Every structure is written in structure tokens, then in C-alpha cells.
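Reading through the C-alpha cells given below for one structure.
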Amino acid sequence: MKKITKVALAQLLHEKTGHPSTTALEVLNAIDDIIAAEMKKGGKVYLDNIGTFERVEKPATRKFSPTKGEIIDIPARVVVKLKASKTLVDRVK
């Protein structure tokens, strides 16, 4: 399975658009900052043909740990969900 880093994505953007890869990397970093700031405020970010980024607050819970053989407490936490758009899912199939 191939993994594309942010730098590699910037290089691919450079090849596709002709813009300098440094500019592409600055744009990717700006998008990253905007998405993080919006989700920190509790908002959702929808990117057409990609999907929806959403901040989800998970409550504290208790689960059984098979390795420890006991019930452990899992603290409340914030997670980020990305729901892929139907367009993206269809393009990947």
C-alpha cells in the first residue's frame, strides 16, 4: 500500500499544475490550518468530491481489555471523522 506524504502531494500538484512545489506545500499547509481551526470551533468542513471532516466528542467509557484481563477506563476524547463523499467512493471503486 502506497502512502503519499504532504511533500509528495505538493510535488504531484506541481507536476499537474505547473505551480512551484513550495507554493503547493504552502497551500496544503494553509488548508490544513483552516480545517483544524474550523473543527476546533466545533464546525464541519465539507470539501466537494472529497468528503466531510467533523469533530466528534467521544464520552468516557469502560471497556474490557483482553490483554490485561480487566475492565479499563477510557477517558473522554475528541476525534476527527472523515466521511468520504459518494463521488470519491465511486471514483475509487
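Each value in this text was obtained by applying a stated rule to the coordinates, not by laboratory testing. Bear in mind that the values here come from a model prediction, so they are computed numbers and not experimental data. Using ideal geometry, Cβ is built from the backbone for each residue, glycine included, and neighbour counts are taken over all protein chains shown.
Given the alternatives (1) 16.3; (2) 14.3; (3) 13.5, Kirkwood radius over Cα pairs in Å as computed for this entry is given by (1). Comparing Lys41, Lys68, Lys16, which has the greatest mean-square fluctuation in the GNM of the chain with Cα pairs linked when under 10 Å apart? So, out of Lys41, Lys68, Lys16, the one fluctuating most is Lys68. FRET efficiency for Leu28 and Lys63, Cβ-Cβ distance as r, R0 = 35 Å, nearest 0.05? Calculated value: 0.45. Listed by chain and number, the lysines placed with their C-alpha closer than 28 angstrom to that of Lys86 are Lys2, Lys3, Lys6, Lys16, Lys40, Lys41, Lys44, Lys58; residues fewer than eight positions away on the same chain are left out.
Placing a pseudo-label 7 Å from each Cα along the Cα-to-Cβ vector at Lys3 and Val56 gives an inter-label distance of 2.3 nm. Could you work out the local net charge near Phe53, counting Lys and Arg as +1, Asp and Glu as -1, over the other residues with Cβ closer than 14 Å to its Cβ? Net local charge, Phe53 excluded: +1. Residue separation of Val80 and Asp48 scaled by 0.36 nm, minus their Cα-Cα distance, works out to 9.7 nm of gained length. Between the stretch 1-28 and the stretch 33-93, the C-alpha centres lie 25 angstrom from each other. Charge tally for Ala36 (other residues, Cβ to Cβ under 15 Å; Lys, Arg +1; Asp, Glu -1): +2. Grab the DSSP H runs of the chain that are 4 residues or longer, score each as -39,500 (n - 2.57), total them, divide by all residues and round the 222 nm result to the nearest 500 deg cm²/dmol. Taking each H run of at least 4 residues, the total per residue is -13500 deg cm²/dmol.
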